[in-house]
Amino acid sequence: MTDTILSVDNLDVSFQTYNGVIKAVRGVDFDLKRGETLAIVGESGSGKSVTAKSIMQLLPKKTTMIDEGSITYENENLLNYSRKEMEKIRGKEISMVFQDPMTSLNPTMKVGKQVVEGIRKHQSLTKKEAYNRAQELLELVGIPNAKERMDAYPHEFSGGMRQRVVIAIALACNPKVLIADEPTTALDVTIQAQILDLMKDLQKKTGTSIIIITHDLGVVVNMASRIAVMYAGEIVETGTLEEIFYNPQHPYTWGLLQSMPKMHQDRSVPLIPIKGSPPDVSNLHDGCPFAARCPYVMKVCHDHVPDKEQVSETHSVSCWLQDERAPRIKQPDFTGGDHVVQTKTR
Amino acid sequence: MLSKQKLVEVKQLEKAFKVGKKQLKAVDDISFDIYKGETLGLVGESGCGKSTVGRTILNLYQATNGEVLYSGKNLQNGLSKQDRKYYQEKMQMIFQDPYSSLDPRMNVLEIIREGLKIHRQDLSTEEQKEVVYDLLQLVGLSKNHATRYPHEFSGGQRQRIGIARSLAVNPEFIIADEPIAALDVSIQAQVVNLLKELQQDRDLTYLFIAHDLSMVKYISDRVAVMYLGKMVELASSEELYDNPLHPYTKALMSAVPIPDPKIESERERIILEGDLPSPIDPPSGCRFRTRCPLAKDICAEVVPEWREVQEGHHVACHFV
């Protein structure tokens, strides 16, 4: 048994649309270790959800082309699996929590039944056993009066409670991998804190590996041990939590960290936004996708895609600034004085 | 710096909606002032009534009780048609969702000019166009964008159009209802910087409604916290963040994740139990008591008084 449970190698996903082919994900590489939490961070349209859905094979077969790459789960390439085979993986081995708990439950079905459905799909339990197991699960995710609530419909639950139900369903068959796609984005901050706590707690109990997809670096700090930063369909930087926050190397990561106000920020100092807006992935030029917005852009950035460079064993970045011929750039201060930066340049 | 001249005075404001046979008090007895030239942040979770406060101030909703004074004038009733038009010109709104707050069938010129057509009839069509072009420049777009339609713009650009529209009639007071919630992180900072610049150049007063506490702290001079239709705390933003008094404010602050692993790992967090109770049938006494770690018997019986505990620091809690 290896250390890595899921690995995505050089994944290319594109969609056929009326406006031509959109290359939503290009050359994405990452590994998920057993029991760890990996965060994929990026803005809307960066391809983070497409990556997740291609692991689960939830993308429409007709218009999606996975041109290259492999998704290896327990030494098997999931891309070679048939629909039938995939059904055995989905929910049992790998399961998913979606962003919007308002739409990911069936409004016409009692909550208990929806949990039972998931259990009976993959486990040969009697109705009675499955029902009891469902109740246990609802208790596990912190739903009060689980027994009575089994007979309630989703509309009788608040947003936070619904997300707990969705998590219960996802955990119904003890999956080895849980993919959470923006699990707290639709929730209020105090409820977000509850759900993140719950997920961490459950991970301790079950040892599930988690991929959490989010645009919020704050959420990441609470959950993840490693981070992959995505931009316009590519992973531009990967590293441990500390490496990304205290020694980031990619100008996009710098920009993300800088554009957030810090709790102790001086209000008279303007924020430092990333100029421009994310590129249109249907019309990408050669070269680095961030070149148009990058304050440190060089000639080479417009013509050639940078290679992935290893900064440390766990930290890699795709940027021409890493090249030895590039000028040395001092990392900007993105901590707003909250934390003293280790000024370690490459 | 800050003047102490009151621009907006909200007094015992109440807004109730009918829900079936019951009443939902979205805003229940709220009083506060907004000073000229300041930014007042209004925070709270969804359903706490913060947007309703904003809309009632603008008279988009008719207040059930209480009054709103703008430069000393009551806006709720007794306004002549001419006065009403005058105040509508002085108070404008920026909406949350830049996708649904712009008419998809109008081009940018028409969208921004709509207000001018009503309030600036003294200007000729050509002059109005010039005003629109200037506004587009001001918010960081260009003249060429004027003939395009909303679907051709990104979220951040649309929000800029919304801001230009609200500025068209030269308002003094702008209510921004979650203006950055629908935008990407890297774009949020652009819009916030723009709002701050505009405030300085045009001497604007903002009511900034949001749920993102770190952004609210950054943009606001003073911050008010709402819970289930009631205001629980109001103080200058430094004071509120350094010295929160109400247990709900404390919990809210501690729930906001700080994007710094070291600080985050050392921090103790207060995690609130349970959910927001239904506003149709709110808890008696203090509305926060069902989730409050400090709750005692008195909280169920007596509604805590809204009082000033230090200069400029208001709070409603029995244990402060």
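Taking A:R26, A:R34, A:R328 in turn, the Gaussian network model of chain A (Cα-Cα springs below 10 Å) assigns the largest fluctuation to A:R328. Were the residues from A:E68 through A:D197 laid out at 0.36 nm apart, the gain over their Cα-Cα distance would be 42.7 nm. Once the Cβ-Cβ distance of A:H304 and B:H151 is raised to the sixth power relative to R0 = 30 Å, the FRET efficiency obtained is 0.35. About the centre of its Cα atoms, the protein assembly as shown shows a dipole size close to 1640 debye [charges on the beta carbon of Lys, Arg (+1) and Asp, Glu (-1) only; nearest 20 debye]. Estimated from helical segments only, the mean residue ellipticity of chain A at 222 nm is -8500 deg cm²/dmol, where each DSSP H run of four or more residues counts as -39500 (n - 2.57). For the pair B:N65 and B:Q23, label points projected 7 Å from Cα toward Cβ lie 0.7 nm apart. Going from the fewest other Cβ atoms within 10 Å to the most, the residues A:S124, A:S46, B:S254 appear in the order A:S124, B:S254, A:S46.
Placing +1 on the Cβ of every Lys and Arg and -1 on the Cβ of every Asp and Glu, with nothing else charged, gives the range B:133-209 a dipole about its Cα centre of roughly 240 debye.
Distances longer than 21 Å among the Cα atoms of the range A:4-224: what percent of all pairs is that?
Values: 13458 of 24310 pairs.
Looking at the range A:4-224, the distances longer than 21 Å represent 55 percent of pairs.
Between the range A:273-288 and the range B:163-239, the C-alpha centres lie 29 angstrom from each other.
Here each label is just a point 7 Å from Cα along the line to Cβ, and for B:D122 and A:K275 those points are 3.9 nm apart.
When you restrict to C-alpha pairs under 8 Å that are six or more residues apart and normalise by the size of the range A:4-224, the relative contact order lands at 26 percent.
From the alpha carbon centroid of the range A:164-217 to that of the range A:229-269 is 23 Å. Specify the inter-centroid distance of the range A:1-52 and the range B:1-34, based on alpha-carbon positions, in whole Å. That distance is 48 Å. Computed on chain B, with alpha-carbon pairs under 8 angstrom and 6+ residues apart, the relative contact order is 20 percent.
With the simple spin-label model, which puts each label point 7 Å out from Cα in the Cβ direction, the B:D203 to A:D286 separation comes to 5.6 nm. What range in chain B is the longest one free of GluC sites (Glu not before Pro) that are in a loop by DSSP and have at most 16 other Cβ atoms within 10 angstrom? Excluding the exposed sites themselves, the longest stretch runs over B:1-267. Its Cα centre serving as origin, chain A has a Cβ charge dipole (Lys and Arg +1, Asp and Glu -1) of approximately 900 debye.
Coordinate-derived values only; no laboratory data. Owing to the predicted nature of the structure, the values given are computational and were not obtained by experimental measurement. When we count neighbours, we look across all protein chains shown, and the Cβ atoms used for this are built from the backbone with ideal geometry, even at glycine.
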